[in-house]
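The values are calculated or read from the model by the stated rules, or taken from the named source; none is laboratory data. All of these numbers come straight from a predicted model, not from anything done at the bench. Every residue, glycine among them, receives a Cβ derived from its backbone with ideal geometry; neighbour counts consider all protein chains shown. Accessible surface is based on the protein model in full, side chains and every heavy atom, while ligands, DNA and RNA are left aside. Shrake-Rupley method; radii C 1.70, N 1.55, O 1.52, S 1.80 Å.
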Amino acid sequence: MKKVLLVTFSDNADHQDTLFGMYEEMRKRSDWYTYLLCIKTPKVELQQSDHTWLVDCPERPGVTKKTFNLPLLLSIIHRVRKEHFDAIYFESLHTWNLPIMMMAGKAKAYQVIHEVIPHEGDSQVKMVDLMNKAVVKFADTIVLRNKTYIQDMIDRYGISAGRVKYLELWRRYPAYTSPVHSGRALFFGRINPYKGADNLLEIVRLCPDIQFDVIGRVDPQMQKVVEQLAKEKNVKLNNDYVTDEEMREAFINCDWAIVPYNSASQSGIIIDAYKYSRPVIAFAVGAIPEQVDADKSGYLVTAGDNEKFADKLKEAAKLSLDEYDAMSRYAYQYGCKKYAASGAVERFIDLLEEK
């Protein structure tokens, strides 16, 4: 019987849902003992057991006062070494990943890198790049969530091709959610420079007859753009913290999830849209084209062309109920097949058992 430890010290609900979903699926198997290590106060539901280790760690990948809680860090390392894991899988970057990798004994370390090329303008860009460089030195295998950036990973960080593996994203998947035909478009997620708030403002103005829900914390660099969005009559803005249930309601109450990003690795928002049976409209940037079955699960628009994006959204809003319902059903089925944790477990096992 082999043993694997799944780790995320992130306070990001997406990272937690990804790892908790795989933990639940792996616990059903008889060929692996699976353990989970995460923060003390997760944002999403967790099935706790004696195999779930919840610790009061620093929540962010950067350096905070809690980063130097050496007694706790050493106790974690001691516990990890005592269990003699065959594999340790890190879903997110964190300063504590490195000492755990270095002192975990013979366990093979897998580190997911979500941003091969850190997004310009992001306040964490230097930290992400530094962390990427560090984990490349100590992880046995680097896991990417898309195929687009594999060569960039190899070239940028000087890593051998054999150490870079591709593993599709996954999430827990609910049952199919029927459309509500609200006519609303949803922009969801932290409003950073790379996520195209400037594009969104222009698209909103080009589509005065479409109602937009804009939900997400605001990066200070985008404050002026958000203030302009707040003045638009067809925008409902929410920049407060959103619970899981509020997030679910936001997706259910829209017809389209829009992703007008300036750059992207891959988008968790697209996966969330599919979870709730909502098709997407997105700029074809980064690895997003890998996530959209064009004209079936949603629409792809040439990057940066806000007029075409607005035209496509207007066109989508005019679909008949039957046409939209068919696309909604397809988006769910496509997403479930591609991203559901229940279907990803075999791919995950294959990764762990690959020689």
Legend entry - Cα-only Debye scattering, region 54-177: base-10 log of I(q)/I(0) at q = 0.16, 0.17, 0.19 Å⁻¹: -0.86, -0.95, -1.12
Inset, instruction - Only helical DSSP H runs with n ≥ 4 go in: add -39500 (n - 2.57) per run for the chain, normalise by residue count and round the 222 nm mean residue ellipticity to 500 deg cm²/dmol. - result: -11500 deg cm²/dmol
Inset, instruction - List every residue whose amide H lies under 5 Å from the amide H of F283, counting only residues 5 or more places away in sequence or on a different chain, with H placed 1.01 Å from N in the peptide plane. - result: V259, Y261, V301
Legend entry - region 80-162 - accessible surface per residue (Å², probe 1.4 Å): 45
Inset, instruction - Would you give the gap between the C-alpha center of region 227-252 and the C-alpha center of region 287-355, rounded to a whole Å? - result: 22
Inset, instruction - Whole Å is fine, so just give me how far the alpha carbon centre of region 159-192 lies from that of region 1-57. - result: 20
Legend entry - Protection proxy ranking, peptides 147-159, 249-261, 24-36, average beta carbon neighbours within 10 Å, highest first: 249-261, 24-36, 147-159
Inset, instruction - Mind giving me the nanometre distance, one decimal, between the label points for R81 and D31, set 7 Å out from Cα along Cα→Cβ? - result: 3.2
Legend entry - Placed amide H near A109: partners under 5 Å, 5+ positions off or other chain: I88, D140, T141
Inset, instruction - In vacuum, with every alpha carbon of the chain counted as one equal point scatterer, what does the Debye formula give for log10 I(q)/I(0) at q = 0.08, 0.09, 0.11, 0.13 Å⁻¹? Two decimals, please. - result: -0.40, -0.51, -0.76, -1.04
Inset, instruction - Taking a cut-off of 21 Å between Cα atoms, list the lysines near K224, but don't count ones fewer than 8 places away on the same chain. - result: K195, K233, K236
Legend entry - Principal axes of region 1-75: Cα extent on each, largest first, Å: 40, 25, 17
Legend entry - Counted charge near I76, where neighbours are those whose Cβ lies closer than 14 Å (Asp, Glu -1; Lys, Arg +1): +3
